[in-house]
Every structure is written in structure tokens, then in C-alpha cells.
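Notes follow the structure.
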Amino acid sequence: MKSNRPINLPLSQVIAVNSKSPIAMASILHRISGIVLFLLVPVMLCILQTSVSSPEGFDTVFNNVALRFVAWIFVAATAYHFVMGIKHLLADLGMNEEFNSGRTAAVISFVIAAVLIVASFVWVMF
């Protein structure tokens with residue numbers, strides 16, 4: 001008799017199964033980008049406070065490559081989270097619910113997010 005009880009899979013097996021589907025990867029990375037945004041908000045507020053406190057603070061923030069890289073990570077996570085959020089909202093409205101259209105929407109969203117992430121790198125770092 002087959003049991004209908006759920007089984008606990010190791011993380012490596014979950015990743016191996018989900019890495020083959022762009023739909024699953026889009027969803028997982030959307031959650032990760034949300035966590036990154038949540039964790040970086042206090043850091044970005046501290047950087048903002050330093051940059052507006054004085055002209056020296058502004059120079060300190062914008063001449064520090066590490067701080068600009070952290071700012072880029074925040075902007076990149078925001079861009080990715082926004083694009084995938086729009087994709088998820090459209091799916092909630094009933095669009096792209098079939099496997100093929102969902103896969104196409106995920107790939108298009110990845111391309112748009114990649115373009116925004118590269119553009120944000122150029123904007124923040126140079």
C-alpha cells in the first residue's frame with residue numbers, strides 16, 4: 001500500500017529538482033531577493049544617514065567601493081524583486097498559468113531583470 005504521507009527531502013535533492021525549472025528558480029530567487037532587501041534596509045539607512053550628514057560623509061560613502069557595491073546589491077535585489085513581483089501579480093490575475101506560458105514568462109522576466117541588474121551596476125559603480 002502506498003503511503004500519502006509527505007517525505008522530507010534533503011536540500012541537495014530539492015535544489016536538483018527545482019534547478020531544472022525556470023518557474024521554480026524565479027520563485028525561489030524572488031524569495032531570496034526579498035530576504036536580501038529586508039536585511040539590507042538597515043544598512044542602506046545607515047549609509048544614507050552618513051551620506052547626508054555632511055559633505056565629508058558624502059565623500060566617504062561615494063568614494064568607498066565597498067559601500068557602493070553594497071548599494072548595488074540593494075538596487076539589484078530591488079530590480080529583481082520588482083520584475084518577479086510583477087510576474088507573480090500577473091500570474092495571480094490568471095495569466096501565464098499553463099506550464100509553457102509560465103516558463104516563457106519566467107525566461108522573459110529573467111532577461112528583463114538581468115538587463116536592469118547590469119544597468120544598475122554601471123549606474124552605481126561608475
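Taking all protein chains in place and a 1.4 Å probe, what share, in percent, of the accessible surface of the chain do carbon and sulfur account for?
Answer for the chain is 72 percent, counting heavy atoms of protein chains only.
Per residue, how much accessible surface does the chain expose to a 1.4 Å probe? Answer in Å², no decimals.
71
Mind listing the phi-derived Karplus ³J(HN,Hα) values for the range 100-112, rounded to whole Hz, using 6.51, -1.76 and 1.60 with θ = phi - 60°, and x for any glycine or proline?
5, 5, x, 5, 4, 4, 5, 5, 4, 5, 4, 5, 4
If I model the range 25-64 as equal point scatterers sitting on the Cα atoms and use the Debye formula, what is log10 I(q)/I(0) at q = 0.20, 0.24, 0.26, 0.27 Å⁻¹?
Treating every Cα as an identical point scatterer, log10 I(q)/I(0) equals -0.62, -0.71, -0.77, -0.79.
Going by amide H atoms built from the backbone, whose H comes under 5 Å of the H on Asn64, apart from near neighbours?
none
Residues of the range 55-95 with the amide nitrogen closer than 11 Å to a label point 7 Å from the Cα of Val41, along Cα-to-Cβ, please.
Under cut-off, by backbone N: nothing.
Output wanted: per-residue J couplings in Hz (rounded whole) for the range 69-80, from phi through Karplus 6.51 cos²θ - 1.76 cosθ + 1.60, θ = phi - 60°, x for Gly and Pro.
5, 4, 4, 5, 4, 5, 5, 5, 5, 5, 4, 4
Please list 3J(HN,Hα) in residue order for the range 57-68, calculated via the Karplus relation 6.51 cos²θ - 1.76 cosθ + 1.60 where θ = phi - 60°; whole Hz, with x for glycine and proline.
Running phi through 6.51 cos²θ - 1.76 cosθ + 1.60 with θ = phi - 60° gives x, 4, 5, 4, 5, 7, 9, 9, 5, 5, 5, 5 Hz.
Which translational diffusion coefficient, to the nearest whole µm²/s, is obtained for the chain from the Stokes-Einstein equation, given a Kirkwood hydrodynamic radius over C-alpha pairs, 20 °C and 1.002 mPa s?
126
Quick check: the distance between the Cα centres of the range 12-43 and the range 72-126, to the nearest angstrom?
Centre-to-centre (Cα) distance: 12 Å.
With all protein chains present, calculate the accessible area of Met25 using a 1.4 Å probe and round the result to the nearest 10 Å².
60
The values are calculated or read from the model by the stated rules, or taken from the named source; none is laboratory data. Because the structure is predicted, anything quoted here is derived from the model rather than measured. With ideal geometry, Cβ positions are generated from the backbone for all residues, glycine too; neighbour counts draw on all protein chains shown. Accessible surface is based on the protein model in full, side chains and every heavy atom, while ligands, DNA and RNA are left aside. Shrake-Rupley method; radii C 1.70, N 1.55, O 1.52, S 1.80 Å.
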